[in-house]
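Peer 1: My structure is below; once you've seen it, I'll send some questions.
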Amino acid sequence: MRIGVDLGGTKIEAIALGRGGVELVRKRRATPRLSDAGAAYDAIMKAIGDMVAEIERETGQRGSVGIGIPGAISPATGLVKNANTTSLIGHPFDKDLGKALDREVRLANDANCFALSEASDGAAQGLGVVFGVILGTGVGGGVVVDGKVLAGRNAVAGEWGHNPLPWPDRDEAQGGRHCRRCYCGKDGCVETFLSGPGMAEQHFLAAGEKLAAAAIAARAAEGDPAARATLERYADRLARALATVINVLDPHAIVLGGGMSNLSYLYVAVPQRWGRYAFSDRVDTKLVPPRHGDSSGVRGAAWLWPEGEGLPR
C-alpha cells in the first residue's frame, strides 16, 4: 500500500493506493493555520501523522508515505525552501516527518507530484518525457522522465512560472502597462500573466472591468468581445511560454492542471499558436487535460514510491 499526502495552504488531503493504483481510502482536513510558525509546523506534523494512522487502521495495512508540498527541499541545506506554507521554511520536513512516522518519507514539490501522477496512470501514461503545468493561483511545473521526477541540481526543475514572458510586445515588456511585479521580486514573470489572478488583472488593465478568470471565460463563451480578446491574449501568451519549454525540454506531452486547465479552448488554441514560436518545423507535443483532475497531486505523492517498492504489503 502506498499513502500519498498533498499539503496545501488550506487543506491536507491523503490517499491510499493499492495494486494498480486502485484507491482504497481518502482523507481530507483543513491545514492548521496558527500565527506562531513553530506551533503551525507542529500542528501540520500532527495532522499528517493522525491521517496516516487513520488510513492504516482502516485498511489494516502499513504503507509507504509520499508527501507533496508547495515548495522543495534545498539540496544545499536539506531544509524546505520556496514554500507558500511559510511555516515549513527552514525545517527538514521530510526527516522530521519520517521520525514521527517511523519510516522513510519521500517528499516532492506538488507540481512534480501532479506531473508524476499523470505520467504514471493518467493522461500521459507511458510517455517518456512529461511536463506537468499548474495554472492556478500561481504558475508551476514539474518534469517526469521515464516515470521518475526530475528535481534538478537546485530542486527547481520545472519552475517556468518565474521566467520572463518570452517575445513580449511593448505593453508586456518591463516598464509596459501590462507588465507587473511578481511576488518573487522580479517584473514580468510568466506567473503574472498566466495565473488565474494574473488573467483577471490583465483583463482589468485591458478592459477596465474587474472579473475573475472563470467569469471572463464565461463571458467569452457568450461572445463578449473584451472577454474574447482577453482569452485570445491568454492563449497566445501560454503558447509563447510553453514554446520555450518545448525548445528546452521537448516533452512528449504537456498536461495542464489547476483551475485554468478547465478552459477547453486552450487545448485547441495553444497548439495552433505554439508552432510559430517553437524552434521546429512542426510540433508533435500533445497538450492534454489531466485524467485525475484535482486528485493528481495527492495520487502523485503516493506514486513517489513506485509499485513494488517500499514497505511490505
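Read the figures in this text as sums done on the coordinates, not as results from a lab. The shown structure was predicted, so the numbers you read here are calculated from the model rather than taken from an experiment. Here the Cβ is made from the backbone with ideal geometry for all residues, glycine too, and neighbour counts use every protein chain on show.
Peer 1: Taking the Cα centre of each part, how many Å lie between the range 154-231 and the range 239-259?
Peer 2: Answer, in whole Å: 17.
Peer 1: Please compute the net charge surrounding Pro225, taking Lys and Arg as +1 and Asp and Glu as -1 over other residues with Cβ under 14 Å from its Cβ.
Peer 2: Around Pro225, the surrounding residues sum to -1.
Peer 1: Also, I was wondering about something else. For a quick protection proxy, order the peptides 228-239, 271-282 by their average other-Cβ count within 10 Å, most packed first. Kindly include the intermediate steps, with their values, before the conclusion.
Peer 2: Working: 228-239: 21.0, 271-282: 14.6.
The densest-packed peptide leads the list: 228-239, 271-282.
Peer 1: Using DSSP, restrict attention to beta bridges with both residues in the chain and report what percent are antiparallel, rounded to the nearest 5.
Peer 2: Values: 26 of 44 bridges.
Around 60 percent of the beta bridges assigned by DSSP in the chain are antiparallel ones.
Peer 1: Measure nothing fancy, just the Cα-based angle from helix 37-59's long axis to the longest principal axis of the chain, in degrees from 0 to 90, nearest 10.
Peer 2: On a 0 to 90 degree scale, this one is about 70.
Peer 1: Explain nothing, just compute: Karplus ³J(HN,Hα) = 6.51 cos²θ - 1.76 cosθ + 1.60, θ = phi - 60°, for every residue of the range 247-263 in order, whole Hz, x for Gly and Pro.
Peer 2: Per residue, the Karplus-derived 3J(HN,Hα) values read 5, 8, 9, 6, x, 6, 8, 10, 10, 8, x, x, x, 6, 5, 7, 7 Hz.
Peer 1: Mind checking the range 145-226 for GluC sites (Glu not before Pro) that DSSP puts in a loop (not H, G, I, E or B) and that have at most 14 other Cβ atoms within 10 Å?
Peer 2: Counting only loop positions with at most 14 other Cβ atoms within 10 Å, the GluC sites (Glu not before Pro) in the range 145-226 are Glu222.
Peer 1: How much FRET efficiency would the formula 1/(1 + (r/R0)^6) give for Val22 and Arg153, where r is the Cβ-Cβ distance and R0 is 45 Å, rounded to 0.05?
Peer 2: Using R0 = 45 Å, I get an efficiency of 0.80.
Peer 1: Pairs of alpha-carbon atoms within less than 8 angstrom and 6+ residues apart define the contacts here; what relative contact order does the chain have, in percent?
Peer 2: 21 percent
Peer 1: Of the candidates Val156, Val130, Val248, which one comes out as most mobile in a Gaussian network treatment of the chain with C-alpha springs shorter than 10 Å?
Peer 2: Taking springs between Cα atoms under 10 Å, the residue moving most is Val248.
Peer 1: Tell me which aspartates and glutamates have Cα within less than 19 Å of Lys27's Cα, excluding those fewer than 8 residues away on the same chain?
Peer 2: Asp6, Glu13, Asp50, Glu54, Glu56, Glu58, Asp110, Asp294
Peer 1: What FRET efficiency would be calculated for the residue pair Leu34, Ala212, taking the C-beta separation as r and a Förster radius of 35 Å, to the nearest 0.05?
Peer 2: On the way: r = 29 Å, r/R0 = 0.83.
Rounded to the nearest 0.05, the efficiency is 0.75.
Peer 1: Related question: Can you compute the modelled spin-label distance between Asn247 and Glu222, with each label point 7 Å from Cα toward Cβ, in nm?
Peer 2: In this crude label model, Asn247 to Glu222 measures out at 3.9 nm.
Peer 1: What's the Cα-based Rg to Rh of the chain, Rh via Kirkwood?
Peer 2: 0.99
Peer 1: Moving on. So what's the angle, to the nearest 10 degrees on a 0 to 90 scale, between helix 110-121 and the longest Cα principal axis of the chain?
Peer 2: Roughly 80 degrees between the two axes.
Peer 1: What share of the DSSP beta bridges in the range 123-290 is antiparallel, in percent to the nearest 5?
Peer 2: If I count the DSSP bridges inside the range 123-290, around 60 percent turn out antiparallel.
Peer 1: Turning to a different aspect of this structure: Please give every one of the lysines within straight-line cross-link reach of Lys210, meaning a C-alpha to C-alpha distance under 26 Å, and leave out same-chain neighbours fewer than 8 residues apart.
Peer 2: Excluding near neighbours in sequence, the set is Lys186.
Peer 1: For the range 2-109, what is the percent of antiparallel DSSP beta bridges, rounded to the nearest 5? Don't jump to the answer; show the numbers that get you there.
Peer 2: On the way: 15 of 25 bridges.
Beta bridges within the range 2-109, antiparallel portion: roughly 60 percent.
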